[in-house]
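A.B. asks: Got a structure for you, questions after.
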Amino acid sequence: MTKAKQKLSRQRAVITRRRNAARRKRRESPIGRLSTDGASSPRNINRRLQWLAVEWMLDAPPKVVRSPSEALVGYCTRHGISFDWMLEGCLKGLKRMMDARRGRAAAVPSTAAMVAKYAQLSPEDQAIVTAEITRIMAERDQ
C-alpha cells in the first residue's frame, strides 16, 4: 500500500474513533439516550400525540414535521400537553401533564409535616436547613 493510502486509512480510523466516542458520550445521559434512539423524530412525536388524542378523546393532532408548526404549538397549549414529553418522551413531563389533567397539585407536604421533619433533624442539620432557607429568602427579597 502506498504512503498516501496508509495516511488516508489512518485519518479515516481517527475520524471513526472520534465519531464513536461522541456517540458514547451522548448516550451517557437519559436525554442523550432518548435522542440517539430516535425519540425526537417526527414519527415518534406523531405516535405519542396520536396515543394521547385517543386516550383523552381529543381532536386529531396536526401532522408533525421537522420543526414545530404554529398549529402544533397551539394544539399543545390548548390541551395542556407537555412540550418536553412531546418532543423528547420525558416521563416526568408526562406525569406532570397527567397530574394537571386530573386536577392534582404536586404533592406539597403541610406545614405541620415539615415542622415535624425539621424537629427530627440533628442540631447541625437544623442549622444547615435554617441557613439555606435564610439564603433563599434573602435572594427572593432582592
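A.B. asks: To make sure I understand the rule: partners must be aspartates and glutamates, Cα under 14 Å from the Cα of Lys117, and not fewer than 8 residues away in the same chain. Which ones qualify?
C.D. replies: Of all the aspartates and glutamates, those that pass the test against Lys117 - Cα under 14 Å, at least 8 places apart if same chain - are Asp125.
A.B. asks: May I ask you to sort Ile136, Ile45 by Cβ crowding, counting other Cβ atoms within 10 Å and putting the fewest first?
C.D. replies: Ile136, Ile45
A.B. asks: Here's a follow-up. Go through the stretch 46-142 and name the trypsin sites (Lys or Arg not before Pro) that are in a DSSP coil and have 14 or fewer other Cβ atoms within 10 Å of their Cβ.
C.D. replies: Those that pass, being in a loop and sparsely packed, are Lys63, Arg66, Arg104.
A.B. asks: Now for a different question. Along Cα→Cβ, 7 Å out, is where each label goes; now give me the distance between the ones at Thr2 and Ala71 in nm to one decimal.
C.D. replies: It works out to 5.6 nm between the two label points.
A.B. asks: If you stretched the chain out fully between Arg102 and Ala39, how much longer would it get, using 0.36 nm times the residue separation minus the C-alpha to C-alpha distance?
C.D. replies: Stretched fully, the Arg102-Ala39 segment lengthens by 20.1 nm.
A.B. asks: For Lys63, go through the aspartates and glutamates and keep the ones whose alpha-carbon is under 17 Å away, minus same-chain ones fewer than eight residues off.
C.D. replies: Lys63 reaches Glu88.
A.B. asks: What percent do you get for the relative contact order of the stretch 46-142 when only Cα pairs under 8 Å and 6+ apart count?
C.D. replies: 12 percent
A.B. asks: If amide H atoms are built 1.01 Å from N in the plane of the peptide, which residues on other chains or at least 5 residues away come under 5 Å of the amide H of Cys90?
C.D. replies: Trp85
A.B. asks: Between Glu132 and Phe83, what FRET efficiency follows from the Cβ-Cβ distance if R0 is 30 Å, with the result rounded to 0.05?
C.D. replies: 0.45
A.B. asks: Another one. Calculate the FRET efficiency for Gln142 and Ala113 from the Cβ-Cβ distance with a Förster distance of 25 Å, rounded to the nearest 0.05.
C.D. replies: My answer for the efficiency is 0.25.
Just so you know, all these numbers are worked out from the coordinates, no wet-lab data involved. Keep in mind that this is a model prediction, so the values were computed, not measured. Every residue, glycine among them, receives a Cβ derived from its backbone with ideal geometry; neighbour counts consider all protein chains shown.
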